[in-house]
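The values are calculated or read from the model by the stated rules, or taken from the named source; none is laboratory data. Just so it is clear, the structure is predicted and the values come from calculations on it, not from any experiment. Here the Cβ is made from the backbone with ideal geometry for all residues, glycine too, and neighbour counts use every protein chain on show. Accessible surface areas use protein heavy atoms only, side chains included; no ligands, DNA or RNA. Shrake-Rupley method; radii C 1.70, N 1.55, O 1.52, S 1.80 Å.
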Amino acid sequence: MKLTDNDQAKDYGKTVYGYNYIDGQEVEASNNKRFNSTNPSYNKDLVGSFPLSTEEDVENACIAAKNAFKEWKNTPAPIRGGIIANIGDLLTKNKDVLAKIITREIGKTPKEAMGSVQEAIDTAHFFQSEGRRLYGQTVPSEMRNKELYTYRRPIGVTGVITAGNFPLAVPSWKIIPALLCGNTIVWKPSDDAAAVGYLFGKILEDAGVPKGVVNIIHGTGAEAGDALVKMVDKGYLQKFSFTGSTAVGRHIGEVCGRNLLVPSLELGGKNPLIVMEDADLDLAVHGAVWSSFGTAGQRCTSAGNIILHKDIAQTFKAKFLEAVKKIKIGNPLLGEVLYGPMLAERFLNTFMKHYEIGKADGATLLYGNGQITKENKPEGFVGDPESGLYAWPVIWDNVKIDMRIAQEEIFGPVITLLEVNNIEEAMEVANGTPYGLSSAIYTNNPDYMYKFKNEIGAGMSSINNSTTGAEAHLPFGGNGASGNNTRESGIWVIDSYTRWHAVNVDLSGKLQLAQMDTQYVEEKTLTDFSTLLASK
Ligand code: UN1
């Protein structure tokens, strides 16, 4: 049955009454307080109610994770991998239900929600057999009767904080490899997506993750999140993994730094998308519309700046504007839309404030009209704009790279247009922000492709495709203000959740000292080639 605006909120589904999950028990917050998670497409739909955790709750979760570590790290890696396989099976079995709750809780379209559950499934599938491959090496010794080995060891208790925009896929990128490697976890899901976090916890439990190995504490970033960061100073955590804003990532990096922890930080982006004069313009427009406005621009990989070669700038602009005017926006549960709501009110607020930045910069507002309301809505809007948090797509023209509008991440449906004269200038502008996460170029010229790959200061690059859409087994992450060069996904992430352990085994029965007792090859008197080759 299709829902309509007038349907009762109950038709969206039940309200999830969730708990913290500490040491295998479902518990309330110590202060018994709760918060609500609402549907950003339709505010009468109460998606869930969750404990508003305090520092005490977070500390209890850390103690549980600390106590569970020894047993979990000694569980054979192939057995841990078997549990990861169960997680993949359960995610697959519940794919529709999880996608539906993602759409309800953060307003992703059903197609995107299904894709983001699939990303978690792919992650589980990738890592399940990594448990049979968590290889170390045998290394030759410089001495006789001595053997050298390397082992991957788990790091310890891992604090995880994740954002609301990919509430299942991104936590799975962290939790699945961290578990596989033998670490235990305290996870604070985003309060924008607590229901998804709670349900993922159920899947972990059903898959056979033992009690205390993953602990989930719900609450706000300001309280529970901050308390989890404090646990680094208190000595509970040996590893931290965070996806979210650059400002918070910087703070976590500082706290980890003074405690000599190496955190994994996946932060913001202002991702460039270049269109060269030889590009297939229809393809570029299609990719640019999706990169800029898909997910209402709320991906860390969303495009931030579109950089146009001057020869095609006017044609591109006209085609792009025409396509943007046709974007369908609205409640993704009521009909097909390109994008739904802003996932929480604070993102709508930053979006609204960004207009002042663009104006103060002197950029030209080519398209866009603030918040979508009954009187001010794009054609074909689906649903009631005033029962959700909807934003117009915005295009700023005549932008220069040193303007604030081109430098700062907005995390909303906002794009800027910049013009350049050649590939050299395109690269300079593409690299002209503090960020370095994702990037894209549209061109058919192999020289441009080479130059782009070689010179772009980003962790991820696409040629003739969107800035978004990383596959689950390629390294994901960025540089500069986008992160600290750690990577998630694929085999590379294993380096983030293990430490190398070097082991010497001496079977000689005597004390052999490396470098000092080593039998290096003796120096010899060298052959004088001139005597051999001298003419008679
Ligand atoms: C994020 O926005 O934090 O590449 C992650 C992408 C998705 C992941 C985005 N696979 O756009």
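On the stretch given as region 468-484, residues that are assigned to a loop (DSSP other than H, G, I, E, B) and more than 8 Å from the ligand (Cβ to nearest atom) total 8. For region 243-264, taking the residues that are within 13 Å of the ligand (Cβ to nearest atom) and open to solvent by 10 Å² or more (accessible area, probe 1.4 Å), the one that is nearest to the chain's Cα centre (by Cα) is identified as T243. Scan region 292-306 residue by residue and report those that are in contact with a strand residue (DSSP E or B) (Cβ under 8 Å, 6 or more places away or on another chain) and either near the ligand (Cβ under 9 Å from one of its atoms) or not in a helix (DSSP H, G or I) (or both). Hits for region 292-306 are G294, T295, C300, T301, S302, A303, G304, N305, I306. Would you confirm whether any residue within region 113-128 is open to solvent by 30 Å² or more (accessible area, probe 1.4 Å), away from the ligand (no atom under 16 Å from the Cβ) and at pLDDT 95 or above? Yes - at least one qualifying residue is present in region 113-128.
Selection within region 445-467: residues that are within 13 Å of the ligand (Cβ to nearest atom) and open to solvent by 40 Å² or more (accessible area, probe 1.4 Å). The member of this set that is farthest from G131 (Cα to Cα) is N465.
Screening the candidates G221, G201, G208, G225 for the property of being at positive phi and in contact (Cβ under 8 Å) with a residue 40 or more places away in the chain yields one hit, G208. Return yes when L417 is in contact with a Leu (Cβ under 8 Å, 6 or more places away or on another chain), in contact (Cβ under 8 Å) with a residue 12 or more places away in the chain, under 29 Å from A360 (Cα atoms) and not in a loop (DSSP other than H, G, I, E, B) and no when it is not. Criteria met by L417. Screening E375 with (1) assigned to a loop (DSSP other than H, G, I, E, B); (2) within 16 Å of the ligand (Cβ to nearest atom) gives one miss only, at (2). Taken over region 204-239, the criterion of being farther than 25 Å from E254 by Cα and open to solvent by 10 Å² or more (accessible area, probe 1.4 Å) is satisfied by E205, D206, G208, V209, P210, K211. Are any of the residues in region 429-444 more than 18 Å from A284 (Cα to Cα) and over 27 Å from the mean Cα position of the chain (by Cα)? For region 429-444, residues more than 18 Å from A284 (Cα to Cα) and over 27 Å from the mean Cα position of the chain (by Cα): absent.
For region 445-466, the set of residues classified as part of a helix (DSSP H, G or I) and either under 27 Å from V493 (Cβ atoms) or under 18 Å from the mean Cα position of the chain (by Cα) (or both) consists of F452, K453, N454, E455, listed by residue number. The listed residues are P171, P110, P177, P154, and the only one of them that is over 19 Å from the mean Cα position of the chain (by Cα), outside the structural domain of I327 (by TED's automatic domain parsing), within 19 Å of R487 (Cβ to Cβ) and in contact (Cβ under 8 Å) with a residue 12 or more places away in the chain turns out to be P154.
Within region 8-26, the set of residues being part of a strand (DSSP E or B) and buried (at least 18 other Cβ atoms within 10 Å of the Cβ) comprises V16, N20, Y21, I22. Out of curiosity, is H218 within 27 Å of I410 (Cα to Cα) and under 18 Å from the mean Cα position of the chain (by Cα)? Considered against the rule, which asks whether it is within 27 Å of I410 (Cα to Cα) and under 18 Å from the mean Cα position of the chain (by Cα), H218 comes out as no.
All of S466, S461, S482 fail the test of being at negative phi and touching a Cys at 6+ places or on another chain (Cβ under 9 Å), apart from S482. The set of residues in region 362-391 being more than 25 Å from L46 (Cα to Cα), buried (at least 19 other Cβ atoms within 10 Å of the Cβ) and within 30 Å of the chain's Cα centre (by Cα) consists of G368 alone. Got a sec? Which of A406, A440 is closer than 29 Å to K328 by Cβ, of a type outside the set (D, E, K, R) and in contact with an Asp or Glu (Cβ under 9 Å, 6 or more places away or on another chain)? Result: A406 is the single residue among A406, A440 that is closer than 29 Å to K328 by Cβ, of a type outside the set (D, E, K, R) and in contact with an Asp or Glu (Cβ under 9 Å, 6 or more places away or on another chain).
Being away from the ligand (no atom under 16 Å from the Cβ), part of a strand (DSSP E or B) and under 25 Å from E277 (Cβ atoms) is a property that L365 lacks.
Screening E419, E425, E409 for residues that are open to solvent by 10 Å² or more (accessible area, probe 1.4 Å) and under 20 Å from F293 (Cβ atoms) leaves exactly one candidate, E409. Please verify whether region 203-220 includes one or more residues that are farther than 22 Å from G24 by Cβ and touching a strand residue (DSSP E or B) at 6+ places or on another chain (Cβ under 9 Å). So far as region 203-220 goes, yes, one or more of its residues are farther than 22 Å from G24 by Cβ and touching a strand residue (DSSP E or B) at 6+ places or on another chain (Cβ under 9 Å).
Residues that are over 18 Å from the mean Cα position of the chain (by Cα) and in a loop (DSSP other than H, G, I, E, B) were ranked within region 180-203; the one that is surrounded by the fewest Cβ atoms within 10 Å (Cβ to Cβ) is G182. Scanning region 485-536 for residues that are among the hydroxyl-bearing types (S, T, Y) and outside any loop (DSSP other than H, G, I, E, B) turns up S496, Y497, T498, S530, T531. Can we say N32 is at pLDDT 95 or above and either crowded, with 22+ Cβ neighbours inside 10 Å or closer than 15 Å to V214 by Cα (or both)? No: the conditions fail for N32.
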